[in-house]
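Have a look at the structure below, then the notes.
The values are calculated or read from the model by the stated rules, or taken from the named source; none is laboratory data. Since this is a predicted model, take the numbers as computed values, not measurements. FYI the Cβ positions are ideal-geometry reconstructions off the backbone, even for glycines, and counts take in every protein chain you see. These area figures cover heavy atoms from the full protein model, side chains too; ligands, DNA and RNA do not enter into them. Shrake-Rupley method; radii C 1.70, N 1.55, O 1.52, S 1.80 Å.
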Amino acid sequence: MPAVQKLLVLYTGGTIGMQASANGLAPASGFEARLRAQQAEQREQVPSWVFRELLPLIDSANMTQANWLAMVAAIRQAVEQDGCDGVLVLHGTDTLAYSAAALSFLLLGLRVPVVMTGSMLPAGADNSDAWPNLFGAMQALHDGVAAGVHLYFNGALMHGARVSKLSSDAFDAFQVVPRLRQGERLAELPAHIDFRQSRQAVNLLALPLVPGLRASHLRALLDSGVQGLLLECYGSGTGPSDNAELLDVLREAHGRGVVLAAISQCARGHVEFGVYAAGSQLASVGLISAGGMTREAALGKLFALLGAGLAQDEVERLFSLDLCGERVE
């Protein structure tokens with residue numbers, strides 16, 4: 001893992017650079033000057049870096065698929081045209097885990113490290129974690145980080161497709177929760193899903209199963225043009241197997257090309273359809289297992305595959321394989 005020599009710092013907004021406004025904290029420009037001034041007071045060794053604002057700066061609660069694709073474009077330009085051999089993305093914490101997962105799949109095959117970070121308190125606030133997170137990430141890149149997408153927070157470097165936000169206010173808000181991760185790895189990365197592949201917007205949604213979910217609820221959702229649906233199932237991948245109408249709605253959607261995937265609602269859960277008959281029923285109507293993937297990873301993976309315009313069977317095949325460490329340790 002060679003040390004990064006030229007780093008792009010890509011600022012997307014978020015709490016780390018927010019300043020007070022009439023309506024409360026809001027993303028603000030001018031963060032590069034603040035960062036350079038602070039660097040003079042830091043002990044960490046950092047690579048040479050260039051700075052870019054990804055406009056418009058946003059509160060990450062407003063994150064969209066278009067923002068993910070804009071990040072990919074900026075990262076590609078930095079690596080392919082500007083000679084950067086590492087990227088640090090400054091991002092708000094609300095959707096940081098979603099973006100880390102999405103970029104993990106959108107940047108498959110990129111041979112440089114991409115580290116994402118943010119903070120729970122703005123830079124300059126009393127006892128803020130902003131500078132420790134930012135310069136800690138820079139120090140890690142200086143020391144050498146493997147290619148791929150990572151999240152640095154509270155002194156820990158974590159896998160971008162395994163991390164989740166577990167707290168709304170603690171400095172150690174992001175963690176990789178232990179899950180059963182096993183299965184088959186992708187043997188060779190095909191060109192149609194690497195970082196050079198263009199993507200388009202995808203009508204994609206996650207839905208938790210809850211007692212009382214009706215077939216009519218599900219039909220209305222699927223009739224809205226959804227291309228991929230991530231069902232958050234109970235336990236090891238169970239659901240209302242005695243509701244024939246609900247199962248028929250899923251079967252019909254799968255028959256017309258909708259990709260249906262299942263994760264476990266349990267924080268340490270994984271999907272294993274064959275354990276219970278209720279899970280086998282879901283598998284029989286076309287659902288594919290996400291194994292031990294998180295919600296963030298499963299959604300990001302579906303977006304990367306469906307957004308590449310792949311056919312339903314190819315999406316399902318690749319979704320079932322480990323692409324970057326999201327399914328297999």
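Loop-only GluC sites (Glu not before Pro) in segment 1-96, please: DSSP not H, G, I, E or B, and at most 12 other Cβ atoms within 10 Å. Could the numbers behind the result be given before it?
Values: sites: 32, 41, 44, 53, 80; in loops: 41, 44.
Sites meeting the loop and neighbour criteria: 41.
So, in nm, how far is label residue 62 from label residue 223 when the simple model puts each one 7 Å beyond its Cα toward the Cβ?
3.4 nm
Based on Cα positions only, what radius of gyration and what Dmax would you give for segment 6-175, in angstroms?
14.4, 44
Using 17 Å as the cut-off for backbone N distance, which residues of segment 101-141 belong to the label zone defined by a point 7 Å from the Cα of residue 3 along Cα→Cβ?
113, 135-141
How much length would be gained if the chain were fully extended between residue 176 and residue 82, taking 0.36 nm per residue of separation minus their Cα-Cα distance, in nm to one decimal? Could the numbers behind the result be given before it?
Working: separation 94, 0.36 × 94 = 33.84 nm, distance 3.28 nm.
Value of the extension gain: 30.6 nm.
Using every Cα-Cα pair within segment 50-105, state what percent have a distance larger than 16 Å.
Working: 613 of 1540 pairs.
So the portion of pairs separated by more than 16 Å is 40 percent.
So for the pair residue 127, residue 329, with labels modelled 7 Å out along Cα→Cβ, what separation do we get in nm?
If labels sit at residue 127 and residue 329, their model points lie 3.6 nm apart.
Based on the mean of other beta carbon atoms within 10 Å per residue, what is the order of 222-229, 262-269, most packed first?
Values: 222-229: 16.2, 262-269: 18.4.
My ranking of the peptides, most packed first, is 262-269, 222-229.
Can you give me the angle between helix 295-306 and the longest principal axis of the chain, using Cα atoms only, in degrees from 0 to 90, rounded to the nearest 10?
Result, in degrees: 80.
What's the extension gain from residue 28 to residue 167 if we count 0.36 nm per residue and subtract their Cα-Cα distance?
Values: separation 139, 0.36 × 139 = 50.04 nm, distance 2.45 nm.
Full extension of this stretch gives 47.6 nm more.
To the nearest 20 Debye, how big is the dipole of segment 191-320 about its Cα centre, given +1 on the beta carbon of each Lys and Arg and -1 on that of each Asp and Glu? Show your work: numbers first, answer last.
On the way: 10 positive and 12 negative charges, 59 e Å.
Using Cβ point charges on Lys, Arg, Asp and Glu, segment 191-320 gives about 280 debye.
I'd like the orientation of helix 65-80 relative to the chain: the angle between its Cα long axis and the longest Cα principal axis, in ° from 0 to 90, rounded to 10.
50 degrees
Please work out the average accessible area per residue across segment 191-320, using the 1.4 Å probe convention, and give it in Å².
Ligands and nucleic acids excluded, the result is 41 Å² per residue.
Could you tell me the center-to-center distance, by alpha carbons, between segment 266-329 and segment 150-223 in angstrom?
The distance from the Cα centre of segment 266-329 to that of segment 150-223 comes to 10 Å.
Return the carbon/sulfur percentage of the accessible area of the chain, one whole number, probe 1.4 Å, all protein chains in place.
On the way: 6790 of 13840 Å².
Carbon with sulfur: 49 percent of the solvent-accessible area.
Taking only protein heavy atoms into account and a 1.4 Å probe, give the accessible area per residue of segment 110-171 in Å². All intermediate terms of the calculation are to be shown ahead of the outcome.
Working: 2260 Å² over 62 residues.
Using a 1.4 Å probe on heavy atoms only, each residue of segment 110-171 averages 36 Å².
Mean-square fluctuation check for the chain, GNM, Cα pairs under 10 Å: which of 154, 23, 67 is largest?
23
Over the chain, how many percent of alpha carbon pairs lie in each 10 Å bin up to the one with the longest distance?
The calculated distribution, bin by bin, is 6, 26, 32, 22, 11, 3, 0.
Angle between the Cα long axis of helix 130-143 and the longest principal axis of the chain, 0 to 90 degrees, nearest 10?
It works out to around 90 degrees.
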